[in-house]
Amino acid sequence: MKALFDSISQEMSELTTKRYSTSFSMGISLLHKDLHKPIYSIYGFVRFADEIVDSFHDFDKKALLEDFKNQTHQAIQSNISLNPILNSFQWVVNTYNIPMDLIDTFLHSMEMDLEKQDYDKETYDKYILGSAEVVGLMCLCVFVEGNIKEYEALKPSAMKLGSAFQKINFLRDLSTDFQELGRTYFPGLSMNEFNAQIKATIEDDIEIDFKAGYEGIKKLPKKARLGVYLAYRYYFKLFKKIKNTSIEKILKERIRIPNNKKIGILMMSYLKNRINKI
């Protein structure tokens, strides 16, 4: 009955993804069906780790994260876990040979969130590497299906795309992160000094990452290209909306893309893929 348990575990990862992120779920739906379960499994793992540091304020988050980390290592080594999310994750790690250093780098970035800190350039880059870039590389391991040469060729652009997505998240969540969690990720940023010039500098940096990331999307295996392109289009739309939003509004509320606009992005992405315009 191990196969049944594994199937239930993967269904839990899929449910987690769909309940937490309609946008990410939409992107996965446009991947080839062979890639659905492994990418759901990665998202479920990442989501649960992030939930520990962002939401469980009435509990010992440091102890919970340490336990989660130990369980993750044990699951990967044993090829099984009674935690369905970790059982699903160990399956994708062991099936697609995801390097442990990617996983540990991600978990270290979650540990960074346990302490309030002012980020400098070094810690900012380290956090983005762990919280976003290596997650993109985990997914890339799945997309290339064991082709090491292809992985190495696409690695730089995958990291840039993950970096762009995360920096947009930082801008979108600027108000929430500061008011509810006491965090500001951008190096040396004081909320009292955040102005149009600083915002424009951050946006210029994101533009560079976006351009490099898009070049990689065009070279992705066909099985993965449309799903990743949809994520790119969604984040690019969000980025444009943030660029056109005032400082005052960004500091007061979370910027969102309405569901009807998401459907439009989905349709446009599908059509561009059909006519080979990605």
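For ILE257, the criteria (1) within 20 Å of SER25 (Cα to Cα); (2) part of a helix (DSSP H, G or I); (3) touching a Leu at 6+ places or on another chain (Cβ under 7 Å); (4) not acidic (Asp, Glu) hold in every case but one, which is (2).
Restricting attention to the range 180-188, does a residue exist that is in contact (Cβ under 8 Å) with a residue 40 or more places away in the chain, under 16 Å from SER131 (Cα atoms) and aromatic (Phe, Trp, Tyr)? Yes; the residues of the range 180-188 include at least one that is in contact (Cβ under 8 Å) with a residue 40 or more places away in the chain, under 16 Å from SER131 (Cα atoms) and aromatic (Phe, Trp, Tyr).
Report, by residue number, each residue of the range 124-150 that is of a type in the set (Asp, Glu) and either touching a residue at least 40 places away in the same chain (Cβ under 8 Å) or on the phi > 0 side of the Ramachandran plot (or both). Can you show your working first?
We begin by selecting, within the range 124-150, every residue of a type in the set (Asp, Glu); these are 125, 133, 145, 150.
Those that are of a type in the set (Asp, Glu) and either touching a residue at least 40 places away in the same chain (Cβ under 8 Å) or on the phi > 0 side of the Ramachandran plot (or both): GLU145, GLU150.
Scanning the range 221-236 for residues that are assigned to a helix (DSSP H, G or I) and over 16 Å from the mean Cα position of the chain (by Cα) yields a total of 4.
In summary, HIS57 fulfils each of the numbered conditions (1) at pLDDT 95 or above; (2) surrounded by fewer than 19 Cβ atoms within 10 Å (Cβ to Cβ) with the single exception of condition (1).
Number of residues in the range 19-40 that are at pLDDT 95 or above and farther than 18 Å from VAL135 by Cβ: the value is 4. Among the residues of the range 241-275, which ones are surrounded by 11 or more Cβ atoms within 10 Å (Cβ to Cβ) and either modelled with pLDDT of 85 or more or more than 25 Å from ARG225 (Cα to Cα) (or both)? The answer is LYS241, ILE242, LYS243, THR245, ILE247, LYS249, ILE250, LEU251, LYS252, GLU253, ARG254, ILE255.
Results for (1) outside any helix (DSSP H, G or I); (2) more than 26 Å from GLY146 (Cβ to Cβ); (3) small (Gly, Ala, Ser), shown as yes or no for each residue.
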{"site": "LYS62", "(1), (2), (3)": "no, yes, no"}
{"site": "LEU65", "(1), (2), (3)": "no, yes, no"}
{"site": "GLN71", "(1), (2), (3)": "no, yes, no"}
{"site": "SER81", "(1), (2), (3)": "yes, no, yes"}
{"site": "GLN90", "(1), (2), (3)": "no, no, no"}
{"site": "VAL93", "(1), (2), (3)": "no, no, no"}
{"site": "ILE98", "(1), (2), (3)": "yes, no, no"}
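When TYR151 is evaluated against the numbered criteria (1) crowded, with 22+ Cβ neighbours inside 10 Å; (2) at pLDDT 95 or above, which criterion, by number, is the only one it fails? Result: TYR151 fails condition (1) only. Condition test on ASP120, is it modelled with pLDDT under 95, more than 25 Å from LEU4 (Cβ to Cβ) and over 20 Å from the mean Cα position of the chain (by Cα)? Considered against the rule, which asks whether it is modelled with pLDDT under 95, more than 25 Å from LEU4 (Cβ to Cβ) and over 20 Å from the mean Cα position of the chain (by Cα), ASP120 comes out as yes.
The set of residues in the range 82-121 that are closer than 23 Å to ASP34 by Cβ, without any contact (Cβ under 8 Å) to a residue 60 or more places away in the chain and of a type in the set (S, T, N, Q) comprises GLN90, ASN94, THR95, ASN97. Considering each residue of the range 75-94 in turn, none proves to be within 14 Å of GLU111 (Cβ to Cβ) and either buried (at least 19 other Cβ atoms within 10 Å of the Cβ) or of a type outside the set (Asp, Glu) (or both).
The values are calculated or read from the model by the stated rules, or taken from the named source; none is laboratory data. On a predicted model such as this, the values are computed, not experimentally measured, just so you know. All Cβ positions, even for glycine, are placed from backbone atoms using ideal geometry, and neighbour counts span all protein chains on display.
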